[in-house]
Amino acid sequence: MTTEFTGGCLCGAVSYKGTAAPQLGGHCHCVDCRKSSGTGHCSHAVMNADDVVIEGDAKRFDKPADSGNMVSRYFCGTCGGPVYSTNSGMPGMVFLRASSLNDPEVFTANMIVYTSRAASWDVMDNSLPSFEEMPDSL
């Protein structure tokens, strides 16, 4: 697996460099991920914050998740491209939007969450472990 990679927003004003391979990859069908992505789900590459260098002035939108944890979504203020998020329940972790990777093959999905909220037209890989909600073990 790739240990160094880059990514960022559509216009390039917000960018990042990963210095280690993502620890986990997941697809999320929660309402907030659907609405913030503009499609049926978000795909996230989960990283230790110490393994990502982010450059540029990202704007932030905070909204509590179902768990009560605060999720902060970061995006470019110029082009609006979503780049990453953080979750107060997982301090020290960064959730990079897989769609923001310069090389999309860096991302590997390991699970699907919130399948109970998935749109019927957003068909996923049935071989991945799937959870109707967010599993407690994350």
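The values are calculated or read from the model by the stated rules, or taken from the named source; none is laboratory data. Small disclaimer: the values here were computed from a predicted structure and weren't measured. Glycine also receives a Cβ, built like all others from the backbone with ideal geometry; neighbour counts cover every protein chain displayed.
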Exercise for review: Select, from Pro91, Pro22, the only residue that is in contact (Cβ under 8 Å) with a residue 24 or more places away in the chain, touching a helix residue (DSSP H, G or I) at 6+ places or on another chain (Cβ under 9 Å) and within 23 Å of Thr3 (Cα to Cα).
Suggested key: Pro22
Revision key, fill the gap. Among Ser88, Ser67, the single one that is modelled with pLDDT under 95, among the small types (Gly, Ala, Ser) and out of contact with any Phe, Trp or Tyr (no Cβ under 8 Å at 6 or more places or on another chain) is Ser67
Practice item. Give the residue that is nearest to Ala119 (Cα to Cα), with candidates limited to residues of the range 34-60 that are touching a helix residue (DSSP H, G or I) at 6+ places or on another chain (Cβ under 8 Å) and among the hydrophobic types (A, V, I, L, M, F, W, C). Key: Cys42
Study note, to complete from the structure: If we ask which residues in the range 1-31 are among the hydrophobic types (A, V, I, L, M, F, W, C), closer than 15 Å to Ser99 by Cα and assigned to a loop (DSSP other than H, G, I, E, B), their number turns out to be 4
Practice item. Kindly check whether there is at least one residue in the range 32-50 that is over 14 Å from Tyr84 (Cα atoms) and assigned to a strand (DSSP E or B). Key: no
Study note, to complete from the structure: Just one listed residue, out of Glu105, Glu132, is acidic (Asp, Glu), at pLDDT below 95 and not in a loop (DSSP other than H, G, I, E, B), and it is Glu105
Practice item. Kindly indicate whether Asn110 is of a type in the set (S, T, N, Q), under 16 Å from the mean Cα position of the chain (by Cα) and loosely packed, with under 14 Cβ neighbours inside 10 Å. Key: yes
Exercise for review: Please work out which one of (1) crowded, with 18+ Cβ neighbours inside 10 Å; (2) over 14 Å from the mean Cα position of the chain (by Cα) is the condition Gly92 fails and give its number.
Suggested key: (1)
Review point. How many residues are among the hydroxyl-bearing types (Ser, Thr, Tyr) and under 13 Å from the mean Cα position of the chain (by Cα) when one looks only at the range 1-42?
Key: 2
